[in-house]
Every structure is written in C-alpha cells, then in structure tokens.
Amino acid sequence: MEVHNEVDGSGVPLAVLLKRELCNQKVEKPDILFGEASKSKKREDFALLVANCHRTPGEGPGDNAGGDDTISMFVIVDGHNGPAAAVYTRENLPNNVLAAIPPNLTSEECTAALPRALVASFVKTDKDFQTKAARSGITVTYVIIDGWVVTVASVGDSRCILESAEGSVYFLSADHRLDANEEEVERVTASGGEVGRINVARGAGIGPLRCWPGGLCLSRSIGDTDVGEYIVSVPHVKQVFLSNAGGRLVIASDGVWDALRFQEALNYTRGLPAEAAANRVVKEAVSSKGLRDDTTCIVVDILPPEKLSPPLKRHVKGGIKALFRWRRPSDELSEEQTDNGCFEPDVVEELYEEGSAMLAQRLNVNYPTGNMFKLHDCAVCQLEMKPGEGVSVHGNMPKHHSRVNPWGGPFLCSSCQVKKVAMEGKLHL
Ligand SMILES: [Zn+2]
C-alpha cells in the first residue's frame, strides 16, 4: 500500500496559529490514557511511553504551574540484525529530541519547531551510532502529543494510525519498505544503491525488493552501518490537529501489520481501554500468524477533559476515509473558528507533512521557525560554532534551487556536513 506522499511542508501561517492560540485558551489539554503490549521473539523491539514530560530537560515537576510545556512521547522501535541500535536509540533518541527543541517556546511555537527538531535528532542519533561500529538497525515511529497536536516522525515500516472520534482513520507514518514506495526506490537508485530481489536461477527474483549491498528491505532506518549511506535516517514527519472530541492512536511494529489489516486492528480495540486494547491487538496478531516476529503495540487515547465530554463515540462511520488528506486552506479554518465562536468541528486538520530525504529541505528557516533555532549552532547536532565556521546546508544545492542563499544558514558542523553529503550519495564522487 502506497502511503508515502510529499506535500510541501511550509506549515500553517503564524497568524492562524495565533488565532488558534486565542481560541484554545478556552480549551484545556486533553487527558492522555495509554497502554502497551508486546510479544517478543528476537528481543529487538521496544516501546517507550513517557506521559507529560517537560519539553525543557532538567525541569522537575511543578516548575511550570500551568503544565503548558509538557508533552507526551510514545515510541516504537523495531530492530533487525541484533539489539545494539535499539538499545542505543532507547538511551539517546528521546534526549536528542528534547535537546533539539529550542527552549522557552509556547505550545504553538513548539508545534512549528518540532518537525525540524525531529529531523535533526534522528540524524544525530544515527550519526552518533555509526561511531559504535555495531551492525544492526531499527525502524522508529516517534509520536509526540502536545495539547491537541499530534506529531509523528517515522523511518521504516512500523505504523501509527489515528482514529478520530467520528470514526475516520488517518495514517500518520510513512511506509519506507522498498516494495511499497516507488519514490524511495528512485531516490536510493539515484544515490548509487541497487534495488532488486534475491536472484535465483535464470534471473527470476524472489522475495521483497531489497537494497544492495546489504539486502535491506527498507529505504530508511537508524543504524545499518553495513549498508549504503543512502539508507537514510531522515524521518517522514506528519502533524495533525485534533478537534477537542479527541481520538485514538494505534502504534505498532510490522509484526502486527503483517498479520492484521488496519480496520481489523481497530475493530479489536473497540470498547476496550487502552491497555486491554493493545493486549488484544498483539494477541490477535500472534494468533493469526504465529509469533514470527517481535510484535509490539501501543494504544493512546486522547480524550476531552471530563468537563468537555461527550465521550468518544465508538462506531465507524466511514471506514478508512483517506490515506492522506490535503491540508485545508488555513484561512477557511480561521474564519470558521471565528464564525462559530471558536467551536471546533469534529475533524482532524493536517498541519504539516514532509517526507523529503534532503536535509536542505528539512532544516527549514521559514518564519517563524527560523527565529527559534540558533543560527550558528549546527542544525543537526546542535554543536555551538563560531560565525563562519559552519557549512551552509544549501552549499551544494543544484542551480535551480538558487533562490536559496548557498551562503545562508542553517549551518552544519564539518562532521554533520560529511553525513549530509554521504546520505545524498555524493561522498565518493
Ligand atoms: Zn553537527
């Protein structure tokens, strides 16, 4: 199933965010209820569940009386070729994510900054892991909930789906299996990788599409130091804004999705609280296909605070309505909000989506994000540099991108620049 899509990710205009901020002052943060289940075969999967942590590391509970700077993080990591990358990522990626979010942001500013922070922290984690000289790699599906905004960064083929309160289903993660993603096959091939199936007699190929050398079925991952550098760690990022009716997230590794269709998985969760729902999904996946792979599932309910009930309706109106909905014109929404006294319709609005593997496109400096990140810190690893020391991320852009200043920021330190060039398949040209 093709779920990868490229949408220009310039985000929502600040004016709309500010207008929404005014509206949202009347709406409290949602209640977040969650549960996790896992059946392990190779011990290479792990799930991470962090509710209501401070965005600024080091701040203890109660430092911010309103709790406005708290976010929740739910992560599924699915490893292959050993547990080293999974263990390293568990210990480092969440801290790298928090360190990449500029301090002292409002919730709305954080929404604008998160896509870039997630790209930087995924690439930094991958780059740092390369120095460990360990094989093994992982897929990552990283979900951040900040108020009613859900941001999902993904590499690989674990999935996150959202069912809104009205019963529409949204895919919030990408599918980076080469079999399912032609655009990625083109990118990998253009960067010097060879994509094909395992050859048997007379040239017939069997099994899924793989990238050679290495034979990985995925085009993006963290780790995998023994395959080409065009298997990149730049995540697909999608960001949606839920109405205050809320919704349910199901995040699971391919052990679940190889056994259950999306609608099946959702049906199994119906009527169950989060933990029981996650258990049911894993149990059904294992009983349908046997325990052939690590099988992990997190279920997260984003619920209106009690005052804002009615509770979630639990029926399906339209089945899977849309793989990706295009962002609605933002002006339309703001008018709607004004006209209705900030009433939010029961819809999920897409705020941002971008899947490009090119760092020059992902480390954007569009207003307002450009003002939040320090210009002279390395845009990937956050190393402090002196003016003039870094290399512009636009440095080796082809001529048709000349409207961006090749000497302008953001800037990369020398080792992150090497990483960038390697990911573009240009290191040995
Ligand atoms: Zn750097």
Problem - Subset tally (residues that are in a strand (DSSP E or B) and within 18 Å of residue 356 (Cβ to Cβ)) for segment 134-156 - result: 7
Problem - Filter result for the condition that a residue is without any contact (Cβ under 8 Å) to a residue 40 or more places away in the chain and farther than 30 Å from residue 276 by Cβ, over 194, 229 - result: 194
Exercise for the section: Report those helices (runs of 4 or more DSSP H) wholly inside segment 320-429 carrying at least 3 residues which are at pLDDT below 60. Expected result: 330-339
Practice task
Could you list, in sequence order, all residues of segment 219-247 that are farther than 24 Å from residue 112 by Cβ and touching a helix residue (DSSP H, G or I) at 6+ places or on another chain (Cβ under 7 Å)?
Solution key: 219, 222, 223, 225, 229, 230
Practice task
Check segment 160-172 and report whether any residue there is under 22 Å from residue 348 (Cα atoms) and among the polar types (S, T, N, Q).
Solution key: yes
Handout entry: Hits in segment 241-296 (condition: part of a loop (DSSP other than H, G, I, E, B), of a type outside the set (A, V, I, L, M) and more than 30 Å from residue 351 (Cα to Cα))
Key = 290, 292, 293, 294
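The values are calculated or read from the model by the stated rules, or taken from the named source; none is laboratory data. Given the structure is predicted, the values throughout are model-derived calculations rather than measurements. When we count neighbours, we look across all protein chains shown, and the Cβ atoms used for this are built from the backbone with ideal geometry, even at glycine.
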